[in-house]
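What follows is a set of notes on a single structure, which appears directly below.
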Amino acid sequence: MIYGKIWCVVKPSVGIPIMLAAVAIGSFAVHAALLTHTTWIPKYLNGGTKAVAAAPAMPAEAPK
């Protein structure tokens, strides 16, 4: 571990919850920013409007 000596300064019972909280807050902030600053993500999450393709018209049969 590259920063293993940090636990000589900060007790793990304090440092680990702070790191987990920082990750959770950062993740929430990124997701909130994406939802409020884009137009396509809310549409995607709500399902958007579905375009219905029209069936091709069948040609009329020629009289015999």
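A short reminder: the numbers here are calculations on the coordinates, not readings from a lab. It should be emphasised that the depicted structure is a prediction, and the values quoted were computed from it without experimental measurement. When we count neighbours, we look across all protein chains shown, and the Cβ atoms used for this are built from the backbone with ideal geometry, even at glycine.
A few remarks follow.
- Calculated FRET value between residue 3 and residue 31, using beta carbons and R₀ = 22 Å, to 0.05: 0.20
- Tilt relative to the chain, helix 12-37 - C-alpha long axis, 0 to 90 degrees, to 10: 30
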